[in-house]
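Following: one structure in structure tokens, then a few remarks.
A short reminder: the numbers here are calculations on the coordinates, not readings from a lab. In this text, all values refer to a predicted model and were calculated from it rather than measured experimentally. Neighbour counts are summed over all protein chains in view; Cβ atoms, including those assigned to glycine, are modelled from backbone coordinates with ideal geometry.
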């Protein structure tokens with residue numbers, strides 16, 4: 001069984017996070033979708049790897065087919081959209097991992113602190 005991961009926000013932090021996931025070889029994981037509205041290096045990487053680029057709403061609509069959504073946008077409105085989407089769909093399976101969890105994962109993978117570009121990362 002492969003853990004299905006979606007990454008929302010492929011800017012400086014999210015793009016590097018996606019790159020690190022691929023550097024690990026993704027043992028037991030599959031990046032099933034990503035979301036990025038800007039023209040970023042992370043978006044280009046997702047396209048190169050064949051990862052579907054979708055809106056936040058489309059990722060939420062995947063329902064329980066997604067195990068973890070990493071929110072790396074640093075944008076409160078995206079956090080709210082994810083929360084409301086999960087609540088309204090009744091999805092009790094998918095975990096929405098805020099930036100602090102991505103930072104923890106980053107540190108465990110690289111043994112380095114991630115860049116602090118968004119300031120407060122609360123949920």
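General observations
- Judged by the ratio a/c of the largest to the smallest principal axis of the C-alpha gyration tensor, region 3-110 counts as rounded, that ratio being less than 1.5.
- Estimated distance in nm for a label pair at residue 80 and residue 30, the labels positioned 7 Å out from Cα along Cα-to-Cβ: 3.4
- A simple packing score, the average count of other Cβ atoms within 10 Å per residue, orders the peptides 68-75, 22-29 as 68-75, 22-29, with the highest score first.
- Mean residue ellipticity at 222 nm, helices only, the chain: -12500 deg cm²/dmol; runs of at least 4 DSSP H residues each add -39,500 (n - 2.57), and the sum is divided by the number of residues.
- Applying 0.36 nm per residue to the separation of residue 1 and residue 93 and subtracting their alpha-carbon distance, the gain on full extension is 31.6 nm.
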